[in-house]
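Presented below is the structure to which this report refers.
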Amino acid sequence: MSHGNDAHIRPRPPKRLLVVDDAALVRAYYRQALEQPGGYTVDEAFNGIEALEKALSGPYDLILVDVNMPKMDGLTFVRTLRTTEEIACLPVMMTSTLNRDKDIAAARALGVNLYLVKPISADDLRLFAAIMTGATEP
Amino acid sequence: MAMPRTGGDPQPAPATVTDEEFARFCEFIYRRTGLSYGEAKRYFIDRRILERVERTGVSSVQSYLALLRFDTTGRELEEIINSLTVNETYFWREEYQFACLANSILPEVVCTKRRGERVRIWSLPCSTGEEPYSIAMWLLENWAEVDQYDVEIIASDIDTQALTAARRGLYDARSVQRLPKWVLDRYFERPTSDRWQIVESLRGSIDFTHMNAFDRAQMAAMEGIDVIFCRNMLIYFDDVSRREVADSMYSSLRPGGFVCLGHSESMSRISPLFAVRRFADAIVYQRPAR
Amino acid sequence: MPLVKAPSGAAAPGGTPAKTTPSRDGVLADLNADSPNIRRVAARACRAFPDAIALIAGRLEVEEDTRVVEVLVLNLVAIGGPAAAAALAPLLRSDRAGCRFAAAEALADMGPDALPFFDTLIRDPDPQVRIMAAEIARGRAGGAAVQTLEHLLATEEDINVCCAFIDVLAEIGTVETAAALVAVLARIPDNPFLRFSVETALSRLPTD
């Protein structure tokens, strides 16, 4: 009996994503796109402050964050994340209705790894989440 | 269980909460408070909603949800949150926060203090005194540096009867049930077999003051606070009121000072003013040092 | 015993001597100070001035610090009335994301005074402004805003605006909202997110 294939047999633990958006329907859409077919574990946060609370209680493999949110917007969240030691390196995918070059440049400058303009298809969400988390082979 | 009624009552209480009503209720509570419930809690939530439908006398779950959303007094929200989160006060309630205070918050607070400088802790609201006395006892027993700093504990409430009870410091078995025997022996007297009273020296060392958290001038007079315990109060206020109180608390804190909320509460629904801090025992909120 | 009380009851608010009221000139100067802490204290103080709305609106045009914006916006909500709402309305098109949402939340908290501004902003040519304006409907004026959102949904071209309206309607809509949702899906049948939004919203709306 060979033991050499154990690494292939043992299932990898699902990647954990944090979805941050104040819109309930957006969170629900991301969850259904990523949880069942994508195999991710999805947690939700309502705004940047709750996202920081959850990120600090993580760990997460990727954060998907909106821009326009109450109390703490997505850009402020990313700025805070990048200066908070324990979570500074977490990959961030920003999703927004804002599509001007300057919006995207501002997000990049703050340390957003990938910026997607809404609406985003479920296929694209899964593809980019997989790339960002290393969940599939390139 | 809703029983069939006989005579005179045209609208018996609804016996079920539909899926859409459940989803709407959960989203409302999540958006409002941060409390998150899923299908696993369905039975529990349904029971609470139906109880409130019956108590308030509204005709349907749908009407109840409308009442919840548009009741400007906030009373119904208070009722339903109370029924979702067991809210009663007793000694060493949510003691993980006192552990956080002694293990993480105060060590950071005293870093910026000269030896001998005061540490000021504010219990708002203090209700009948269990919280401020708990803080005092916990620090005396568990904070390694307790002998090196003077600690001032201020305890405020809007309810003067609660304040009178707090000053008297007399409690029943339910209030003290979480306390270990040696704490009871050290800090309480037994005037009767079923009553425990805080020893006079401890009672005398806490400042009990009347305070309306909505009164900006009253709140503004409180300055230089290092830690505020504000547990299970803001969750009941409407959006504007709790933002105002959070703003007043921010002003009362020294730069770098902390706010501890109740375990069901999150600053994410209240105010953008504070930084989130995660310590080993708890998440708390901090007025940025600069 | 290391527990101490404040000297001569200074912890009691009533026992503290009243602080000298800052001069108006001092507050105005502080409102433009470099330190956000000083600006914040000045912002709190200027609520009491008779021309507070103009002062606050002026500062809000340039203020970058979230903590100062919060105080300024809270002042406007506390003062209330159409003039305060008018000072908040232009902020929905601000380049500062935090400022946009703080203004929308404040208008949501103002109730009927915000309605005329909601009615204008929700028809703004800029879709980003329409998206932010929809947030106002979640607030105290929600009942009156539902029909406006349903009506505009019938012709709204921007998918993201449609979805923003649907998200708000899922929260505040009535039995009648379902027809507007079904209609928008018939008009725009092939966007998966819009389809998901409509189907989920329909499952959350009241049914009788």
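Each reported figure results from applying straightforward, stated rules to the coordinates on display, with no laboratory input. None of the values given here were measured: they were computed from a predicted structure. Backbone-built Cβ (ideal geometry, glycine too); neighbour counts: all protein chains shown.
Quick one: go through the range B:125-146 and flag any residue whose amide nitrogen is under 16 Å from the point 7 Å out along the Cα-to-Cβ line of B:Arg115.
What the label zone holds, given the 16 Å backbone N cut-off, is B:145-146.
What does the structure give for B:30-40 when I average, per residue, the other chain Cβ atoms found within 10 Å of the residue Cβ? List each step's numbers first, then the result.
Details: counts 5, 6, 0, 0, 6, 0, 5, 0, 0, 0, 0.
Whole-number average of other-chain Cβ neighbours for B:30-40 is 2.
Taking every DSSP beta bridge that has both residues in chain B, what percent is antiparallel when rounded to the nearest 5?
On the way: 11 of 29 bridges.
The answer is about 40 percent antiparallel.
Sorting B:Phe214, B:Phe274 on the 10 Å Cβ count, fewest up front, what's the list? All intermediate terms of the calculation are to be shown ahead of the outcome.
Working: B:Phe214 13, B:Phe274 23.
Least crowded to most crowded, the residues run B:Phe214, B:Phe274.
If amide hydrogens are placed 1.01 Å from N in the peptide plane, which non-local residues have theirs closer than 5 Å to the one on B:Glu189?
B:Gln197, B:Ile198, B:Val199
Quick one: dipole size for the range B:139-290, taken about the Cα centre, charges +1 on Lys/Arg Cβ and -1 on Asp/Glu Cβ, in debye to the nearest 20. Kindly include the intermediate steps, with their values, before the conclusion.
On the way: 19 positive and 22 negative charges, 78 e Å.
Result for the range B:139-290 is approximately 380 debye, rounded to the nearest 20.
I'd like the antiparallel share, as a percent to the nearest 5, of DSSP beta bridges with both residues in chain A.
On the way: 0 of 16 bridges.
Beta bridges within chain A, antiparallel portion: roughly 0 percent.
Over the alpha-carbon set of chain A, work out the extent along each principal axis and list the three values in angstrom, largest first.
For chain A, the Cα extents along the three principal axes come out at 58, 33, 26 Å.
Summarise the long-distance tail of P(r) for chain C by giving the % of C-alpha pairs beyond 30 Å. Working shown, then result.
Values: 8336 of 21528 pairs.
For chain C, the fraction of Cα-Cα distances above 30 Å is 39 percent.
How would you order B:241-248, C:97-104, C:74-81 from highest to lowest mean count of nearby Cβ atoms within 10 Å? Mind dumping the intermediate values first?
On the way: B:241-248: 21.4, C:97-104: 24.8, C:74-81: 19.2.
So the peptides B:241-248, C:97-104, C:74-81, ranked by packing, come out C:97-104, B:241-248, C:74-81.
If you count, for each residue, the other Cβ atoms within 10 Å and average over each peptide, how do B:229-238, B:158-167 line up from highest to lowest? Walk me through the intermediate numbers first.
On the way: B:229-238: 21.4, B:158-167: 15.8.
Those peptides, ordered most packed to least, come out B:229-238, B:158-167.
Considering all projection directions equally, how large on average is the shadow of the alpha-carbon convex hull of chain B, in square nanometres? The partial results should precede the final answer.
Values: hull surface 72.9 nm².
Mean projected area for chain B: 18.2 nm², to one decimal.
Just to be sure I understand the model, the point goes 7 Å from the Cα along the line to the Cβ. What's the resulting B:Arg47 to B:Ser60 distance in nm?
2.6
Apply 1/(1 + (r/R0)^6) to the Cβ-Cβ distance of A:Arg79 and C:Ala78, taking R0 = 35 Å, and write down the FRET efficiency to the nearest 0.05.
Numbers: r = 29 Å, r/R0 = 0.83.
The calculated FRET efficiency here is 0.75.
Averaged over all directions, how much area does the convex hull of the C-alpha atoms of the range B:66-211 cover when projected, in nm²? Let's see the in-between values first.
Working: hull surface 42.7 nm².
Taking the Cα atoms of the range B:66-211, their convex hull projects to 10.7 nm² on average.
Obtain the radius of gyration and the Kirkwood radius of the protein assembly as shown from its C-alpha atoms and give Rg over Rh. Before the final figure, lay out the partial values.
Numbers: Rg = 26.1 Å, Rh = 26.6 Å.
Answer for the protein assembly as shown: 0.98.
Can you give the mean number of other chain Cβ atoms that lie within 10 Å of the Cβ atoms in peptide B:200-211?
Working: counts 0, 2, 2, 0, 3, 5, 3, 7, 2, 7, 3, 4.
The mean count of partner-chain Cβ atoms within 10 Å per residue comes to 3.
Would you mind giving the mean number of other chain beta-carbons within 10 Å of the Cβ of each residue in C:23-35, as a whole number?
What the average comes to for C:23-35 is 0.
If you plug each phi of the range A:19-29 into the Karplus form 6.51 cos²θ - 1.76 cosθ + 1.60 with θ = phi - 60°, what whole-Hz ³J(HN,Hα) values come out, in order, with x for Gly and Pro?
In residue order, the calculated couplings are 9, 10, 7, 6, 7, 4, 6, 5, 4, 5, 5 Hz.
So for the protein assembly as shown, taking the charge dipole from beta-carbon charges (+1 Lys/Arg, -1 Asp/Glu), which of A:Ile63, C:Ile53, B:Trp182 sits furthest toward the positive end?
The residue sitting most towards the positive pole is B:Trp182.
Give, rounded to the nearest 20 debye, the magnitude of the charge dipole that the range B:219-288 has about its Cα centre when Lys and Arg contribute +1 at Cβ and Asp and Glu contribute -1 at Cβ. Can you show the working numbers first?
Details: 8 positive and 8 negative charges, 43 e Å.
For the range B:219-288, the charge dipole is close to 200 debye.
Dipole size in debye (nearest 20) for chain C around its Cα centre, Lys and Arg Cβ +1, Asp and Glu Cβ -1? Let's see the in-between values first.
Details: 19 positive and 27 negative charges, 195 e Å.
The dipole magnitude comes to about 940 debye.
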